[in-house]
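Enquirer: Quick one: structure below, then a few questions.
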Amino acid sequence: MAQPYSDDSRCKFLEAYEAGSSSLRKLSRQFGVSWGYGKKVVAQQKRTGQKERPVQLRHGPVSRIGPAMRKLLRDWLRQQPDSTEVELRDRLETVGVSVCKSRVGQVLREMGLRRKKNRSTPRSATQKSTVAGEKSSSPPSPRSRPKS
């Protein structure tokens, strides 16, 4: 992945441009950067007044499910552990947060909570009988689909 230019080289580029020694295109060639990058950093300096690279802000919209809603989700799951994502989404809508079912699943995974439901009863330890009516000595095999 491409790395950003250092603030030191950025400042040198901008200082050379401010000195007016040559055009932006020539400076870009001299510093080994693209002309588009040169235009961008000059415009950023004019806009912000600083030569250093601005702090990167968070990309994308802010999540509607903040820390308070996450706590609420955790409490709901403590009260009713078998709630589905659809039920949780509906409960979120009652408190004024509108999200889709898949977003609820993403948030639950981020929180480290599993929504995969396990069977309520464990598998039987009793082996199935054979055709002759006796117990099989081989370990049980996983179920397979019947052949058509």
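The values are calculated or read from the model by the stated rules, or taken from the named source; none is laboratory data. All values derive from a computational prediction rather than experimental measurement. Positions of Cβ are generated from backbone atoms using ideal geometry, with glycine treated the same way; all protein chains shown enter the neighbour counts.
Quick grid of which residues meet (1) in contact (Cβ under 8 Å) with a residue 24 or more places away in the chain; (2) not in a helix (DSSP H, G or I):
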site	(1), (2)
F13	yes, no
A16	no, no
R25	no, no
Y37	yes, no
V41	yes, no
Q45	yes, no
P61	no, yes
R70	yes, no
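Enquirer: Considering only residues that are under 11 Å from L113 (Cβ atoms) and small (G, A, S), which ones fall in the range 68-99?
Expert: S83
Enquirer: Please name all residue pairs, on different chains or six or more residues apart, with Cβ atoms under 7 Å, provided the first residue is in the range 85-99 and is closer than 13 Å to L72 by Cα and the second residue is part of a helix (DSSP H, G or I) and basic (K, R).
Expert: What qualifies is R89/K101.
Enquirer: What's the total number of residues in the range 74-128 that are in contact with a Leu (Cβ under 9 Å, 6 or more places away or on another chain), surrounded by fewer than 10 Cβ atoms within 10 Å (Cβ to Cβ) and modelled with pLDDT of 90 or more?
Expert: 2
Enquirer: Taking R53, is it part of a loop (DSSP other than H, G, I, E, B), modelled with pLDDT under 90 and within 30 Å of G96 (Cβ to Cβ)?
Expert: no
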